[in-house]
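The values are calculated or read from the model by the stated rules, or taken from the named source; none is laboratory data. A quick note: this is a predicted structure, and the numbers were derived from the prediction, not measured. As a convention, Cβ positions derive from the backbone with ideal geometry for all residues, glycine included, and neighbour counts pool all protein chains shown.
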Amino acid sequence: MTTAGLPIGRITAFVKWVARTPWPVFTLGMLQADIIGALLVLGFLRFGLPPEDRVQLQDLPAFNLAIFLGYLFISFTVAAWLTLRMLIPVIRWQRRDTLLGTSDPGVTELARVRALRMPYYRSVINVSNWCLGSIVFIVASWPVASRSAPVVAVATALGATATAIIGYLQSERVLRPVAVAALRGGVPESFRAPGVIQRQVLTWVLSTGVPILAIVLALVASKFEILTAPAERLNTPILLLAIAALVIGLAGTVLVAMSIADPLRQLRWALGEVQRGNYNAHMQIYDASELGLLQAGFNDMVRDLAERQRLRDLFGRYVGEDVARRALERGTELGGQERDVAVLFVDLVGSTQLAATRPAAEVVGLLNEFFRVVVDTVNRHGGFVNKFQGDAALAIFGAPIEHPDACGAALAASRELHDELMGVLGQNDFGIGVSAGRAIAGHIGAQARFEYTVIGDPVNEAARLTELAKLEQGHVLASAIAVSGAVDAEALAWDVGEIVELRGRIAPTQLARPLHLATQEQIASESEAKA
């Protein structure tokens, strides 16, 4: 029972899988197009001609009618068989790709080309069936319509043209999901799809060329007495052909318009997503014409934009957002310019001993938290962290973007940074130094590798003030020059004190401390003296 049930289970699973693909709708579309075309031709022969020239199918001999109906059955069966034979590689490729996610490259290429050409193959099969069918129909109707054989031939030819065009446009739309999968690897070199101009021409042939040609041929047939009725009796056929032109033309125009509007609508949606910052938006490529090239080009553009944005974000993380933005807008070159800047230097105390006595993961976590507080605080005050040096950080205010109060921002950031670090570092000491003055700001290094930095006496002074601040209880020292350059609101928060000579500097430096920290340090010193 298991052996017998296995093929049945596979067949059931395969049928369910096929039902989820566009091929059943494609097959029904083939039958639908043939039926519509046949009804148009038979309606024209039965009602579109003057009464004396109409083809009376009911007068056909039963044997002739049976031959024609038999041909219709055989032709549709052969067409379905040919279509299935051409679809076997496509179905195998789709089935294997769906279940296993892999396919043989040779089979895949053949299947992709077959899938993309299927609307064309369908049109060729339709035209072939109609050409043979017109011959069979003329032979079968010869006993009652021998005089109208040219009209029958022309009518069936025009019907075949209309059926093929409608079938092509319809199947191209139905098979879009298959085209999407087939075009994921790009457009095959051996395939070219009709472009927008060719589709518009097909619509013109369908909506204007076929009906107008039918009207012209009807008048010519009457003029040369191929038809029995005179030309003035052709008003009704011409009216019916005009109505058919309106109906068929509307249907064809809608199909072509939708084939052009759909990718444009999708492009508009994708552009909106990109404008909102979603660089994952992409268009499904289901067309190998100019529209497909537009879809593929948009996807390539979005991938490039996403890569540029990723590089920009990465660049900004390494050098700072302001430096990255300035470099992207104005370019980069070696050298710098003199700027009035304020410099903030912050450094941990005893980080070497910390690394030797604590696990590496704990040390890294502490440093990351330390640098997070530094970066957030500096950014809030309009500065940028220029570099990390082990367990120290150098922040610049006034370069590369000018700051209206660089000294005040650096001093305010140092006071806030002190309060933040006291809560984060716990027992770990640190030092903060702030200086200000003229310095060279620009790109320093070699042409192949350089960095944006600030070089000058304020940087050296801030580093020396940081070393001295590590020895003080308040942990924050600034130069009196930095305090004098700040606005009054910030300058009043600092207490200017003694003059000292810092290591490595010739000129003396007058120290300044945050007022509330200086008061606390003075109270602590007095308490120690009394004790």
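Per-structure values
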quantity	calculated
Count - residues of region 472-483 that are out of contact with any Lys or Arg (no Cβ under 9 Å at 6 or more places or on another chain) and in contact (Cβ under 8 Å) with a residue 40 or more places away in the chain	6
First in region 421-438 and polar (S, T, N, Q), second anywhere and at pLDDT below 80 and part of a helix (DSSP H, G or I), Cβ under 8 Å, 6 or more apart	Asn428/Leu354
Close pairs (7 angstrom Cβ cut-off, 6 or more residues apart or separate chains): farther than 17 Å from Gly159 by Cα in region 235-261, surrounded by fewer than 18 Cβ atoms within 10 Å (Cβ to Cβ) and aliphatic (A, V, I, L, M) anywhere	Ile260/Val196
Tally of residues being in a loop (DSSP other than H, G, I, E, B) and at pLDDT 90 or above across region 466-491	2
Hits in region 395-423 (condition: within 11 Å of Val374 (Cα to Cα) and part of a helix (DSSP H, G or I))	Ala413, Ser414, Glu416, Leu417, His418, Glu420, Leu421
Qualifying residue in region 270-291 (condition: part of a helix (DSSP H, G or I), more than 30 Å from Tyr452 (Cα to Cα) and at pLDDT below 70)	yes
Any chance Gly382 is under 41 Å from the mean Cα position of the chain (by Cα), farther than 20 Å from Asn460 by Cβ and in contact (Cβ under 8 Å) with a residue 24 or more places away in the chain	yes
Sole residue being at pLDDT 85 or above and touching an Asp or Glu at 6+ places or on another chain (Cβ under 8 Å), chosen from Leu394, Leu344, Leu411	Leu411
Flag if Ala270 is farther than 25 Å from Tyr168 by Cα and either surrounded by 13 or more Cβ atoms within 10 Å (Cβ to Cβ) or touching a strand residue (DSSP E or B) at 6+ places or on another chain (Cβ under 6 Å) (or both)	yes
Count of region 456-472 residues which are more than 16 Å from Glu498 (Cβ to Cβ) and not polar (S, T, N, Q)	8
